[in-house]
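First comes the structure, then the notes that go with it.
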Amino acid sequence: MDLMLLLMLALLVVPAAGAVVAGISRPRAAPVVAVLASLAAMVIGVAAVIRAYPHGADFRLGGMPWLPGRAGESLFGLALNPLSSVMVLVITVIGFLIVLYSTEYLSARNAEHPHRNGQQRYYFWLMLFFTSMVGVALAPNLLQLFIFWEMTTLSSWALISHTQEPAATRAGFKALIMTHIGGFGFLVALLLLFAAAGSFEFAAIGELPGGLKVAVFVLLLVAAWAKSAQIPFHTWLPDAMEAPTPVSAYLHAAAMVKAGVYLVARLVISGWAVPQDIGIVMAVMALLTMLMGVLAYLRQDDLKKLLAYSTIVHLAYVLIGISLGVFGSKVGYQGAALHILCHGAAKGTLFLCVGAIAYGAGTRRISQLSGLARKMPLEAVTFMVGALAVTGIPPLSCFWSKLFIFAGALESPGGVALLVLLVAESAISFGWLMWVAQRVFLGRPSQVAAAAADPPWPMSVALVACMVLCVVAPYVGLPIVKLLVPGGGF
């Protein structure tokens, strides 16, 4: 069997096996199993990306003659191309750090909300989510992507509701319902595509008549908006901050919410020309979402909800970059793909930092924190690195992806006005995050800050590693995204 095929199979099987074993293990063994499985998956994922570069790999099972449609066309397989390579790196590298971080965060020593049970359940669902996201990234067609897409929705519901507190249960149910609305749109798009073209391939959408092509794309776009918490589906993500912070960092900053923008990016690069009217709709909705997000996070006292609204804004950045690709900007589209990786590193850093603050101080309320740098110097440095990275300060991660998107804006109609809006968002975000950093970390220590301390080594190692990712992520991603050409296929 081909080594590349073995790597991709292992990338799915290893975290799935880790989920099962962690779920049936004793409470103390479950974290160990999850760490080992996620570490192995990270190594396999990085090896697969290196081996697939630059040409990619595509393996398909034989056709299913009992299903009507194109003779011999396979329904299942594994594909690793430049775009999915970006997703695999985000899923596996940040996923391992999340699992490592969780081993200490989910303990009775957590000052904000001690965890004394549910270890097996937590790691089962976390590793199942890990598997589902890998499945989304490696899916060679829309049918297989939809199956794993719905698995991420189910896993997300379980993880948001993990503490089983009333607020967490409500938030999990809300996320389940709102993302399933998008999932229903995805399902209808699949049925229309198969009925008209006899295929579930991404490229088959380009073969549809004009009106039907637009309808299928819009249904898939609605699914992406719901998964990525864009207007009008944005309200579930801030509520989902009731989840344990590692869950917020992984699902709601680095992985699940990126599935939506990944779907749209995958459609735009599937070898057919997306109508420019759809590009306009994407850009307008993304700008409206960005405006809402900026106004919302300026009012937040909860650090996690502030980061949640910031995530919504940055997902809008990705969709703007993709829309620039629809208008013919290669560099704008490449910036969108790079932003998936760079934002994942920066926002994962910030979320884990906030989790460490809450772990040590017992709160994540901005109004209750000050002078924290004296007691938690590592978190002070980590927050600054994450804030500078996410707002696009060179040479950190999002500077490079935003630079590509800004350059793409200048290549497109109305580009100067769009560039002004994007730069204004970056300036406002930078100013606000710097104010938050000063408020939380400088000055006289507040009562809760006086009792805080840097967290144990698993959490500290994850924080340091995330800071490193904020530096190296663009240099890893740039050679990969430079291979992407909107409308050109793989």
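The values are calculated or read from the model by the stated rules, or taken from the named source; none is laboratory data. The shown structure was predicted, so the numbers you read here are calculated from the model rather than taken from an experiment. Backbone-built Cβ (ideal geometry, glycine too); neighbour counts: all protein chains shown.
Below are the figures for this structure:
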quantity	calculated
Residue in segment 72-105 that is surrounded by the most Cβ atoms within 10 Å (Cβ to Cβ), counting only those that are of a type in the set (Gly, Ala, Ser) and part of a helix (DSSP H, G or I)	102
Selection from segment 230-273 of residues that are out of contact with any Pro (no Cβ under 8 Å at 6 or more places or on another chain) and under 18 Å from residue 207 (Cα atoms)	264, 266, 267, 270, 271, 272, 273
Count - residues of segment 283-302 that are under 24 Å from residue 383 (Cβ atoms) and either β-branched (Val, Ile, Thr) or at pLDDT 95 or above (or both)	2
Flag for residue 208 being at pLDDT 95 or above and of a type outside the set (Gly, Ala, Ser)	no
Of all residues making up segment 249-299, the number that are free of Cβ contacts under 8 Å to residues at least 24 places away in the same chain and not β-branched (Val, Ile, Thr)	3
Qualifying position, being hydroxyl-bearing (Ser, Thr, Tyr) and surrounded by fewer than 23 Cβ atoms within 10 Å (Cβ to Cβ), among 163, 131	163
Total residues in segment 12-47, condition of a type in the set (Ser, Thr, Tyr) and either more than 22 Å from the chain's Cα centre (by Cα) or more than 26 Å from residue 77 (Cα to Cα) (or both)	1
Matching residues, segment 477-490, being assigned to a loop (DSSP other than H, G, I, E, B) and more than 20 Å from the chain's Cα centre (by Cα)	482, 483, 485, 486, 487, 488, 489, 490
Selection count where residues are of a type outside the set (S, T, N, Q) and under 16 Å from residue 254 (Cβ atoms), scope segment 292-312	4
Extreme residue, surrounded by the fewest Cβ atoms within 10 Å (Cβ to Cβ), among residues of segment 351-375 that are under 18 Å from residue 309 (Cα atoms) and touching a Ser or Thr at 6+ places or on another chain (Cβ under 8 Å)	354
Cβ-Cβ under 7 Å pairs, at least 6 apart or on other chains, segment 338-365 side farther than 23 Å from residue 108 by Cα, far side part of a helix (DSSP H, G or I) and among the basic types (Lys, Arg)	340/258; 344/258
Residue in segment 119-128 that is within 24 Å of residue 27 (Cβ to Cβ) and free of Cβ contacts under 8 Å to residues at least 60 places away in the same chain present	no
Meets criteria (modelled with pLDDT of 95 or more and among the hydrophobic types (A, V, I, L, M, F, W, C)) for residue 47	yes
Those helices (runs of 4 or more DSSP H) lying entirely in segment 395-476 with at least 3 residues loosely packed, with under 15 Cβ neighbours inside 10 Å and not aromatic (Phe, Trp, Tyr)	415-441
Lone qualifier among 138, 142, 193 - being over 22 Å from the mean Cα position of the chain (by Cα), buried (at least 23 other Cβ atoms within 10 Å of the Cβ) and under 24 Å from residue 81 (Cα atoms)	193
